[in-house]
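The values are calculated or read from the model by the stated rules, or taken from the named source; none is laboratory data. As the structure is a prediction and not an experimental result, all values here were calculated from the model. Note that each Cβ is placed from the backbone with ideal geometry, even for glycine, and that neighbours are counted across all protein chains shown.
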Amino acid sequence: MKSHRFWIIAFWFYLGILLAISASAYLKVIPTEIASFPHYDTILHFLLLGIAAYLSHLALNKRQLHILGTALPRSAFIVFFFCIVDEIMQKFTPHRSADIVDLLADVCGIIVFTFLAEHTPIRKTSQVR
């Protein structure tokens, strides 16, 4: 088996950052200055979830699901699942709002960054025995 430990570590590190950002949003501790930037929320959805898709695709060694004869990235489905869960949670949180535009930005980010990950070479090293 080939090693891709760097991508696994990068993914887990980034996941910690992403969870901290998400918790900050739910706890209303995100600095208010960021709101002065137009469309910041949509842009951040695109970037944050896109990067999550990129790193998870490489951490999973570009594994695919085969659906109706088509190979699709497994990581994209996993990240999208958590996007749906987050939007549902926002629906029931008083100071957050579920938004279809945010979900579309998530999907666009997942698609673009998964495409980039598909074209990123994974350095392969031999497994140490």
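Some values worked out for this structure:
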read-out	value
Condition broken by A23, with the remaining ones in (1) part of a loop (DSSP other than H, G, I, E, B); (2) of a type outside the set (V, I, T); (3) within 18 Å of the chain's Cα centre (by Cα) satisfied	(1)
Criterion violated by T120 - all others in (1) part of a loop (DSSP other than H, G, I, E, B); (2) closer than 19 Å to L19 by Cβ; (3) of a type in the set (S, T, Y) satisfied	(2)
Residue pairs meeting the criteria (Cβ under 8 Å; at least 6 apart or on separate chains; first closer than 27 Å to W12 by Cβ, in segment 60-71; second in a loop (DSSP other than H, G, I, E, B) and of a type in the set (D, E, K, R))	N61/K2
Hits in segment 92-114 (condition: of a type in the set (D, E, K, R) and either at pLDDT 90 or above or in contact with a strand residue (DSSP E or B) (Cβ under 6 Å, 6 or more places away or on another chain) (or both))	D102, D106
